[in-house]
Amino acid sequence: MSCMNKGTRRALAPLGGAGGEAPLERELHANLLLGHMHELILAAIDAGVDWSIENPQNSFLWKTPQVLDICCRVTSYAVTFDQCMYMLRPPDYVEGGPDVRTRKSTTLLTSVSSLRDLEVRCDHKHSHITALGSCSTNGKTVKRAQAAGVYPTRLCQKWSQLISGHGCSGCVARCQASEQKTWTDDGISNVVVCRVDGRI
């Protein structure tokens, strides 16, 4: 992915600067965000709060020292799902037309064990359109990658159900232990989610 956007990240140089090149300004900015994420996750671990990190499956993020450090500190779960199985459609999809979807393989690193149920891979019973380039829909030009950045409804519904169930059980246990209701009614306030810049 970094090669496609003319970046300097590679598998052996996930923070940029591959081949002796100077990291790009956007990469340096993304590295700052990565550092903030690392600090936030460590604080969540210390506080006993659940957390999740989401990025494309092929992202160099998963090879960075910060993420590897988190994996070494605490039990975590790597969950990969193809968003086409949650009905991620291209922006120019026509309802009732051919079953065309955007695959967008995504990985989630999380402390929430119930989110493992998000894992699903493409069943190859439909066709794909890559999230590259642009298309015209409703008289407007839309970038496919930008459109694919919005989670499909089915993914949101399942994710929220899994988080709510996990959060509510944790909420009850904590409330019984402290005899103080410090959690919100939706039961999901004990979860931190980090969605890192996809350019990593």
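Some values worked out for this structure:
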| read-out | value |
| --- | --- |
| Residues within the stretch 66-86 that are touching a residue at least 40 places away in the same chain (Cβ under 8 Å) and either farther than 14 Å from residue 106 by Cα or in contact with a Leu (Cβ under 8 Å, 6 or more places away or on another chain) (or both), tallied | 6 |
| Subset of the stretch 1-52 [β-branched (Val, Ile, Thr) and over 19 Å from the mean Cα position of the chain (by Cα)] | 8 |
| Strands (runs of 3 or more DSSP E) lying entirely in the stretch 131-200 (those with 3 or more residues that are over 25 Å from residue 45 (Cα atoms) and modelled with pLDDT of 80 or more) | 134-137, 140-143 |
| Residue check for residue 45: β-branched (Val, Ile, Thr), at pLDDT 95 or above and touching a strand residue (DSSP E or B) at 6+ places or on another chain (Cβ under 6 Å) | no |
| Residue list for the stretch 72-106, filter: within 28 Å of residue 32 (Cβ to Cβ) and within 16 Å of the chain's Cα centre (by Cα) | 76, 77, 78, 79, 80, 83, 104, 105, 106 |
| Set 20, 7: member being surrounded by 13 or more Cβ atoms within 10 Å (Cβ to Cβ) and either under 28 Å from residue 117 (Cβ atoms) or at pLDDT below 95 (or both) | 7 |
| Any chance residue 8 is in contact with an Asp or Glu (Cβ under 6 Å, 6 or more places away or on another chain) and of a type in the set (Ser, Thr, Tyr) | yes |
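The values are calculated or read from the model by the stated rules, or taken from the named source; none is laboratory data. Note that the structure is predicted; figures quoted are calculated from it, not measured. Backbone-built Cβ (ideal geometry, glycine too); neighbour counts: all protein chains shown.
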